[in-house]
Amino acid sequence: MNAQVSMNDFILQVEHLSMKFGGLIAIGDLSFQAKRGEITALIGPNGAGKTTVFNCITGFYKPSEGMITLSRRDGSNYLLERLPNHEIPARAKVARTFQNIRLFSGMTLLENLLVAQHNKLMKASGYTFLGLFGFSSYRQASAESIDLAKHWLEKANLVDRADDPAGDLPYGAQRRLEIARAMCTGPELLCLDEPAAGLNPKESASLNELLMDIKDNTGTSILLIEHDMSVVMQISDHVVVLEYGRKISDGSPQSVRTDPRVIAAYLGVDDEEVEEVLTEVGDEDVIEQLDTGPDAAHGPGSSASMMAGPVSDTVEHADEGERVMVSRGASKAAQVDAKAKTPRKSSERATGKPAAKSSTAKPRGGRK
Amino acid sequence: MAVTVSPERDVVATPIQRAFREALYAGAIALGLFVLFIGLRTDQNINNELILVQRWGLLALVVLAVVVGRFLYVAYAVPGLERSRAERAKAPAVAVEPGFVRRNFNKIGATVLILYPVAMVLLFGFQGSLKWVDNFGIQILIYVMLAWGLNIVIGLAGLLDLGYVAFYAVGAYAYALLGTHFGLSFWILLPAAGAMAAFWGVMLGFPVLRLRGDYLAIVTLAFGEIIRLVLINWREVTNGSAGISGIPKVSFFGLMSFNVSDPNYIAKVLGIAQSGAYYKIFLYYLILALCFLTAFVTIRLRRLPVGRAWEALREDEIACRSLGINTTTTKLTAFATGAMFGGFAGSFFAARQGFVSPESFVFLESAIILAIVVLGGMGSLGGIAVAALVMIGGTEILRELGFLKVVFGPDFTPELYRMLLFGVAMVIVMLWKPRGFVGSREPTAFLKERKAVSGSFTKEGHG
Ligand SMILES: Nc1ncnc2c1ncn2[C@@H]1O[C@H](COP(=O)(O)OP(=O)(O)O)[C@@H](O)[C@H]1O
Ligand SMILES: [Mg+2]
């Protein structure tokens with residue numbers, strides 16, 4: 001692994017990325033990097049904009065602003081926001097999975113993995129013409145592609161079901177199959193959108209195993225969205241935390257775990273909890289501030305709950321957008337910030353609300 | 001499980017009682033429905049006045065038939081069906097070995113098709129076989145080929161195309177115009193017509209790439225109409241609705257001709273008696289070969305990356321893009337390939353008829369071809385061939401049912417009931433097999449064993 005840490009250390013560099021849907025700022029000025037060969041986790045409460053970041057990286061959305069640079073192992077660089085959608089997997093070697101699984105459910109597992117090798121096979125079949133007349137070069141390529149598919153089926157522990165339709169698999173197996181399918185494109189960066197969502201502990205463990213295997217044996221870098229903190233803490237090397245489209249923390253799992261802003265944002269279902277968290281962190285000034293009483297309407301509320309349903313199909317409703325302006329006022333992390341920064345004298349006007357809270361931010365949610 | 005509204009009554013009622021009750025209801029409904037349709041009939045008397053003829057006897061017969069039918073259905077048919085279903089459920093689920101016919105369906109089908117004209121000639125003689133080879137054989141095979149071509153677009157790629165007949169028209173007119181004006185041979189014009197239709201397939205494909213579902217269907221429908229209207233109105237070239245006649249016949253690869261006046265007329269070359277049947281039999285084998293070509297290409301393509309990409313596109317377009325598949329070119333190739341076979345069929349059609357006019361390319365044709373694809377089971381070649389046989393063969397058979405005149409009186413023309421029967425057959429098949437005759441899908445590759453994929457997993461595509 002160390003041999004690879006060279007000049008192009010970073011496989012992915014996201015700089016000043018913004019994505020607006022009408023008046024809604026889904027991502028605001030986000031910058032982060034992902035190191036080659038590492039697992040980078042992107043976490044944050046529901047609606048924080050994680051899937052939107054993925055959609056920008058994989059070309060399903062064109063970002064409003066910003067630059068996404070991908071450096072391949074051979075040294076070539078790609079500006080992902082300029083590439084057409086389908087060329088991102090083909091040329092920049094970025095593969096992804098979806099929050100709501102998207103398999104070819106009427107095709108068998110094997111066929112799913114063969115479709116993933118489309119571009120390679122297309123070339124081998126002489127753009128269909130050679131293949132149509134049964135040239136041996138295509139037959140060989142086809143056999144190789146089946147071997148590769150078999151390899152990934154074995155890794156995903158699905159080889160027994162290779163000839164069954166993908167729609168027939170249990171949920172956890174479908175997640176693994178989606179990852180195996182993405183790996184069949186031969187990616188350098190693998191983007192996984194909540195791969196552990198809805199898995200039972202056993203399935204979750206086998207998923208972890210698969211991800212570690214990919215990381216250790218293929219050198220593929222992984223960008224991971226995850227809600228399940230245990231998964232994140234166990235396998236990721238680097239964590240980026242989003243809240244309301246902005247980055248609130250960035251660092252190793254340990255450092256992120258103890259960041260008060262993260263705890264506030266991530267666990268911030270109730271303001272009381274924020275208080276608890278802060279007590280733990282031991283910031284007395286801030287606790288004092290909190291006495292002024294929470295403003296429930298401005299919290300992320302239920303959207304921070306893991307129980308909230310998945311943002312269904314964020315890929316598809318590209319042009320409907322509610323004009324909701326989300327300011328930092330709604331952010332738990334910003335509250336923590338504001339409180340930390342407010343000088344001591346604020347304790348004198350104990351009944352005043354913190355400035356951040358009086359902003360005109362509207363609650364979010366209802367967008368699902 | 002289900003809570004009935006009046007449980008007491010249902011518990012008491014035996015099937016016979018219930019059947020009796022339902023039969024009465026059905027009779028009442030039938031009476032209400034038919035009293036004006038059948039009970040009264042408008043007619044003209046000798047003075048050209050409109051009069052009402054009363055037919056109470058016929059009405060009574062119809063209502064009685066409904067009552068008896070409903071009674072028998074509820075009292076005997078339904079319990080019988082339920083019993084047999086329960087028995088089947090009770091019986092251990094043995095994996096039934098598919099029968100000999102089912103297993104070798106394709107081979108048997110191909111053999112029957114190849115031997116069909118020979119059998120007809122042996123049975124009815126040259127002259128007598130004409131009807132069977134031409135009206136049945138060739139007619140059905142044309143639709144088989146068209147449906148197989150459309151199957152690529154709808155069944156594999158999941159793009160609902162309601163204007164398929166446009167490509168048929170392009171192929172037919174390409175042969176008709178180039179053949180009559182430049183005297184080019186069928187064997188040159190066949191690929192040319194295919195290429196031209198494929199070109200128009202791409203032309204249609206471009207604007208509709210972004211459309212899905214209903215919108216795609218509407219635009220393709222409009223495209224079909226546009227082509228037809230151009231054919232009608234561009235008189236200088238297409239001769240308008242009068243059509244083009246005198247389209248040259250196909251020659252036997254340039255070696256022998258089927259024109260009696262030609263020096264190399266087949267009967268002269270081979271030294272046999274003159275007959276129009278040779279040409280028909282030749283045409284039969286020609287369209288059969290074209291059908292085999294379509295099937296071969298379809299089967300091959302399905303196992304190639306393009307074909308898999310078509311099916312993947314039908315299943316999930318977004319996932320396709322996430323795997324680096326260029327969905328634009330994939331859709332265009334589907335349109336082009338489907339259109340090409342439509343063009344082949346069109347030029348064959350022109351050669352067979354010797355005459356083309358816009359009349360032959362109305363929307364109804366598209367609808368019939370689509371119906372065959374849907375009835376057969378989208379994506380399955382065998383199912384579609386059977387559907388074409390049933391639908392086209394069935395409507396042709398109606399012409400042969402002269403004996404019905406004895407039953408329904410001399411005015412009865414069974415052909416007029418063609419569309420009615422077509423509709424009834426579709427409704428029945430769709431109730432009985434919602435995914436068509438063959439609802440399952442053959443996988444294109446397998447690791448250990450080839451298992452058909454049940455229709456409940458495959459998607460119809462989104463347009
Ligand atoms: N296509 C879209 N049109 C309008 N708003 C969208 C679209 N996609 C996402 N959003 C909004 O952007 C925000 C971030 O969504 P998302 O990225 O799905 O969050 P996460 O994946 O972090 O839960 C949400 O408020 C969501 O409603
Ligand atoms: Mg998401």
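Counting only helices (runs of 4 or more DSSP H) wholly contained in region B:305-389, the ones carrying 2 or more residues that are touching a residue at least 24 places away in the same chain (Cβ under 8 Å) and either crowded, with 20+ Cβ neighbours inside 10 Å or not basic (K, R) (or both) occupy B:305-315, B:327-353, B:363-376, B:381-388.
With respect to (1) open to solvent by less than 40 Å² (accessible area, probe 1.4 Å); (2) of a type in the set (S, T, Y); (3) in contact (Cβ under 8 Å) with a residue 24 or more places away in the chain, the lone exception for B:S241 is condition (1).
Tell me, yes or no, whether region A:32-41 has at least one residue that is surrounded by 24 or more Cβ atoms within 10 Å (Cβ to Cβ), within 12 Å of ligand 1 (Cβ to nearest atom) and under 19 Å from A:Y244 (Cβ atoms). So far as region A:32-41 goes, no, none of its residues is surrounded by 24 or more Cβ atoms within 10 Å (Cβ to Cβ), within 12 Å of ligand 1 (Cβ to nearest atom) and under 19 Å from A:Y244 (Cβ atoms).
Suppose we filter region B:266-304 for residues that are away from chain A (no Cβ under 14 Å) and in a helix (DSSP H, G or I); how many remain? Count: 21.
Applying the set (1) closer than 16 Å to A:K35 by Cα; (2) more than 16 Å from ligand 1 (Cβ to nearest atom); (3) open to solvent by less than 10 Å² (accessible area, probe 1.4 Å) to A:G251 leaves exactly one unmet item: (3).
Checked against the criterion of being within 16 Å of ligand 2 (Cβ to nearest atom) and hydroxyl-bearing (S, T, Y), region A:24-34 contains not a single residue that satisfies it. Residues that are touching a strand residue (DSSP E or B) at 6+ places or on another chain (Cβ under 8 Å) and either modelled with pLDDT under 85 or more than 16 Å from ligand 1 (Cβ to nearest atom) (or both) number at least 2 in the following strands (runs of 3 or more DSSP E) confined to region A:131-248: A:189-193, A:221-225. Just one of (1) open to solvent by 40 Å² or more (accessible area, probe 1.4 Å); (2) part of a strand (DSSP E or B) fails for A:N100. It is (2). In region A:54-80, the residues that are part of a loop (DSSP other than H, G, I, E, B) reach residues that are surrounded by fewer than 17 Cβ atoms within 10 Å (Cβ to Cβ) and of a type in the set (A, V, I, L, M) with C-beta atoms within less than 8 angstrom, at least six apart or across chains, in these pairs: A:F60/B:I318; A:Y61/A:A318. Scanning region B:196-247 for residues that are among the small types (G, A, S) and outside any helix (DSSP H, G or I) turns up B:G243, B:S245, B:G246. Just one of the listed residues (A:G167, A:G198) is farther than 27 Å from A:D74 by Cα, touching a Ser or Thr at 6+ places or on another chain (Cβ under 6 Å) and in contact (Cβ under 8 Å) with a residue 24 or more places away in the chain, namely A:G167. Annotation: of all residues in region A:42-53 being away from chain B (no Cβ under 14 Å) and not in a loop (DSSP other than H, G, I, E, B), the one that is nearest to ligand 2 (Cβ to nearest atom) is A:K50.
The rows are residues; the columns are (1) under 11 Å from the mean Cα position of the chain (by Cα); (2) modelled with pLDDT of 90 or more.
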residue: A:F21; (1), (2): no, no
residue: A:L24; (1), (2): no, no
residue: A:L30; (1), (2): no, no
residue: A:K35; (1), (2): no, no
residue: A:G44; (1), (2): yes, no
residue: A:T51; (1), (2): yes, yes
residue: A:N55; (1), (2): yes, yes
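Residues of region A:85-97 that are at the interface with another protein chain (Cβ under 7 Å from one of its Cβ atoms) and within 16 Å of ligand 1 (Cβ to nearest atom): A:N85, A:R96.
From (1) over 28 Å from A:G251 (Cβ atoms); (2) surrounded by 20 or more Cβ atoms within 10 Å (Cβ to Cβ); (3) more than 9 Å from chain B (Cβ to nearest Cβ), pick out the condition that doesn't hold for A:L110. Only one criterion is unmet by A:L110, namely (3). Screening B:F296 with (1) at pLDDT below 75; (2) open to solvent by 10 Å² or more (accessible area, probe 1.4 Å) gives one miss only, at (1).
The values are calculated or read from the model by the stated rules, or taken from the named source; none is laboratory data. This is a predicted model, so every value here is computed, not measured. When we count neighbours, we look across all protein chains shown, and the Cβ atoms used for this are built from the backbone with ideal geometry, even at glycine. In case anyone asks, the SASA skips ligands and DNA or RNA and just uses the protein heavy atoms, side chains included. Shrake-Rupley method; radii C 1.70, N 1.55, O 1.52, S 1.80 Å.
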